[in-house]
1. What is the Cα coordinate range of the chain on the first, second and third principal axes, sorted by size from largest, in whole angstrom?
2. Suppose a student asked you for the relative contact order of segment 389-501, using Cα pairs under 8 Å spaced at least 6 residues apart; what percent would you report?
3. For segment 226-378, state the semi-axes of the equivalent ellipsoid (square roots of 5 times the eigenvalues of the alpha-carbon gyration tensor), sorted largest first and rounded to whole angstrom.
4. Step through the residues of segment 267-272 one at a time and calculate ³J(HN,Hα) from phi using the Karplus curve (6.51 cos²θ - 1.76 cosθ + 1.60, θ = phi - 60°), rounding each to whole Hz and writing x for Gly and Pro.
5. How big is segment 179-253 by the Kirkwood estimate over distinct Cα pairs, in Å?
6. Could you check the spin-label model distance between Arg132 and Arg293? Points 7 Å from the Cα along Cα→Cβ, value in nm.
7. Taking H placed 1.01 Å from N in the peptide plane, check which residues at least 5 places from Leu456 or on another chain put their amide H under 5 Å from its amide H.
8. Rounded, prolate or oblate for segment 144-190? Axes are the square roots of the Cα gyration tensor eigenvalues, ordered a ≥ b ≥ c, and the cut-off for rounded is a/c under 1.5.
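Values quoted throughout were computed directly from the atomic coordinates according to the rules given, and no laboratory measurement underlies them. Worth saying up front: this structure is predicted, and the values here are computed from it rather than measured. Glycine gets a Cβ as well: all are built from the backbone with ideal geometry, and neighbour counts include every protein chain shown.
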Amino acid sequence: MMRQLSGFGMVAALALVAGHAAAETPARDRLVTVVDAQHDETVKALQDWVALPTIAAEKRGTPEGAEYMRKLALDAGFQQAKIIPTDGVPAVFATLDAGAKITVGIYFMYDVKQFDPAEWNSPPLDAKLVERPGEGLSIVGRGVVNQKGPQMAFLAAIKAIQASGHPLPVNLVLVAEGEEEVASTHFDQVVAVPEVQAALAKAVGVFIPSANQNRDGSAGITLGAKGAVEFQLVVGGETSDKYPKTDIHSSNYARIESPAWRLVKALDTLVADDGHTPAIDGWFENVQPLTARQRELIAQSAKPELEAQEKALLGVGRWIDDEDYTTSLERFFSQPTVNIQGLVSGYTGEGGKTVLPGRAEAKLEFRLVPNMTKSEAVSKLQAHLAKRGFDDVRVTVSGGYGPNETAEDSVLIRAQKRLFDEKGIPYTIRPRNAGSWPGVIFNGPPLSLPASQFGLGRGGGAHAPNEWFLIESSDPKVSGLDEVTMGYIDYLYVIAEEASK
């Protein structure tokens, strides 16, 4: 690939050499040169990875995805990388012993969401380089921001440190799963493997590489994430003999129950009349309210320019109940949700077909906040439906985990704040991410480790068409791929120093 240099990448990276962070990263000018030299190789590696999707929901790309992830780890310099079998999609466990006093855990997901090529402007596996007006050169492809772009930048950071002739400032333990996009169905099995657990137990914390920069160049720090539970509700001939086993003529609706209407009635009991407040019996019993500090952090992050960016990105003009931005953010971070992802029943083609469906299915998800748990949420759903006589509605849970929280004074968060302060990057701290990742597996016993997201750079369209990740930024305040890579290098050095205090 012929690199399209704007001139900013090297200038911005070298400008940081004079800062305090540069003084703490040995031979940083040499590292900048190495990262720049490996730029084309890194971009090609990212494009190749995007071209090989692992989609757990479709059983696509397994076990090939795990083997590819294992090779990526070895190519990056991990001394050992092995595939860990699970009852579902296999995971990868790798270690890099740099002879350092400090060990850091890294969480990767090598799977991606499903996609419909017809919805994309370019084929989702081609990973084409596309110019984004006002932002710079990006790669468009499924999984490129969630999370292959940030993860590839992290692997490039490891390569660059080793190529510069310096040892890493920390030892690394990598766990990479292939089921994150189906709510990490078997990830607990991976961390329970004695060898994996013993390696992670030596870590000061675990982080997932992410693209957490806004268009204005400001960065974000989150102190946790909501939990997630994915499940299906099914009504039909397979759940009760009062429903037909296949679609039948609609005239029979006069004498035979409709699975579609029955499912709609069951779904309607799960939320209040406002259409969004959960109404499952006892749902809010263990919900932990926001603390005064969390409300303070939310208020500090509620900047009008960020609200405009969010609304534009989401394609909406208002929040629920026309709430102001601060109130909407408080709801965003503190509200547990019951969301319908999709509804499927009967005929949906052109015109009518006059059928009574034999089956109706809804795909749903819970988003959980502290102190809720997956088992609690599922049991309350089942009890709620049973109490109302919906014994003919089958509940199938496909995956999930609880929320996670990390203290603001933990080593990972201290290192992020210090790094941003030293580089002059403005940032906000939010109580948690309203999305989810299985950090609770690390937060909870027996490991009880800090778990966080970290990364510069920009991207968008996760789970949507035309997903993108910025490669070369036209804005000096926003990091492109090389600056993201340097950010991970600096972060490892800062973690090493913070953990040694």
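1. 80, 49, 48
2. With pairs under 8 Å counted, the relative contact order is 27 percent.
3. Numbers: eigenvalues 299, 77, 25 Å².
Equivalent-ellipsoid dimensions as semi-axes: 39, 20, 11 Å.
4. Once θ is set to phi - 60°, the couplings for segment 267-272 become 4, 5, 7, 7, 10, 6 Hz.
5. By the Kirkwood definition, the hydrodynamic radius is 18.1 Å.
6. About 3.3 nm separates the two model spin labels.
7. Those qualifying (amide H under 5 Å, at least 5 residues apart or on another chain) are Asn212.
8. Judged from the Cα gyration tensor, segment 144-190 comes out oblate (a/c at least 1.5, b/c at or above a/b).
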